[in-house]
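Step one of this worksheet: look at the structure below.
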Amino acid sequence: MQSKMKLTSLDLIEVLEAPGHEDILKAFNTRKFRKGELLSTPDDDINHVFIVKEGRARVFLTSPSREFMLTILSPGDIYSTHTRATCEALEDGVMFVCPVKMFREIAVRHSEFTMTMVKVLGELLSSSFSIIDGFAFRDTELRLTLFLYEEALTSGRAQDGGTLLNTTMTVEQIAQIVGASRQMVSTLLNDMYKSGLLEKQGRGTFFIPDMDRLYKATQLPL
């Protein structure tokens, strides 16, 4: 299985910084952001497109009673601010920002960039179906396990025969992502420690002894 929490396998930063694309890159402003900063809200009047260069952000919908996490933006992912969702920085980072009107002009002038965007949008649609599947058909334990597995695929690193995962997130942030209470996620994590699926290394840092075993734990029962 190669699914990831990252929206797509394509890195638009590589496309922007490739030789011959200097005029495309000039259309984007570089903006730093801080952990906890709201990068866009449904009330924003200005419509921009931004591409994450460094750091990560979460995209979520809100209702009077709860939040519904849509996805996590990682370096190379793209997002448009004019939506009903809110985007919040999970850590300090940098992004490239461009007005939507100018972005459209770039897409018209550069066919290779447009083709890359078509591929990105296709993967976004696939990612959206995966997210819907996770919330509609999986219980909290499966959603948490799947989140940890996909994060390990994306950003984990090999260590001592297993995989070290540093999410840089608090338990509360992880709970928001999987759509559960902090207490529920803490209980489930403790169960994973006891079963040997995970070993806690620090706040937001886990050691996974066996990725295959963790993957099997993400599967829906027959």
Q. Just checking, which of 99, 64, 75 is modelled with pLDDT of 75 or more, in the same structural domain as residue 24 (by the TED database) and more than 14 Å from the chain's Cα centre (by Cα)?
A. 99
Q. Looking at 218, 187, 163, which one is farther than 24 Å from residue 88 by Cα, in a strand (DSSP E or B) and not charged (D, E, K, R)?
A. 163
(Q) For region 14-47, give me each residue that is closer than 17 Å to residue 75 by Cα, open to solvent by 40 Å² or more (accessible area, probe 1.4 Å) and of a type in the set (Val, Ile, Thr). (A) 30
**Q.** Matching residues, region 56-70, being open to solvent by 10 Å² or more (accessible area, probe 1.4 Å) and of a type in the set (Gly, Ala, Ser)
**A.** 63, 65
(Q) Criterion first (in contact with a strand residue (DSSP E or B) (Cβ under 8 Å, 6 or more places away or on another chain) and open to solvent by 10 Å² or more (accessible area, probe 1.4 Å)) does residue 78 satisfy it? (A) yes
Q: Would you point out the residue of region 167-213, among those that are of a type in the set (Gly, Ala, Ser) and over 16 Å from the mean Cα position of the chain (by Cα), that is modelled with the lowest pLDDT?
A: 180
Q. Given the conditions (1) at pLDDT 85 or above; (2) closer than 22 Å to residue 174 by Cβ; (3) in a loop (DSSP other than H, G, I, E, B), and given that residue 39 satisfies all but one, which numbered condition is not satisfied?
A. (3)
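Listed here are the residues, each with its yes/no results for (1) in the same structural domain as residue 73 (by the TED database); (2) on the phi > 0 side of the Ramachandran plot; (3) loosely packed, with under 15 Cβ neighbours inside 10 Å.
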| residue | (1), (2), (3) |
| --- | --- |
| 176 | no, no, no |
| 182 | no, no, yes |
| 185 | no, no, no |
| 190 | no, no, yes |
| 196 | no, yes, yes |
| 202 | no, yes, yes |
| 206 | no, no, no |
| 209 | no, no, yes |
| 213 | no, no, yes |
**Q.** Test for residue 26: is it out of contact with any Asp or Glu (no Cβ under 8 Å at 6 or more places or on another chain), at pLDDT 90 or above and closer than 19 Å to residue 100 by Cα
**A.** no
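Residue by residue, here is whether (1) modelled with pLDDT under 75; (2) open to solvent by 20 Å² or more (accessible area, probe 1.4 Å); (3) of a type in the set (A, V, I, L, M, F, W, C); (4) under 16 Å from the mean Cα position of the chain (by Cα) holds:
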residue	(1), (2), (3), (4)
112	yes, yes, no, no
120	yes, no, yes, yes
123	yes, yes, no, yes
138	yes, yes, no, no
143	no, yes, no, yes
148	no, no, yes, yes
152	no, no, yes, yes
158	no, yes, yes, no
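The values are calculated or read from the model by the stated rules, or taken from the named source; none is laboratory data. Since we're looking at a predicted model, the values are computed, not measured. In this analysis, Cβ positions are derived from the backbone assuming ideal geometry, glycine residues included, and neighbour counts consider all displayed protein chains. Just the protein is used for accessible areas: all its heavy atoms, side chains included, with ligands, DNA and RNA removed. Shrake-Rupley method; radii C 1.70, N 1.55, O 1.52, S 1.80 Å.
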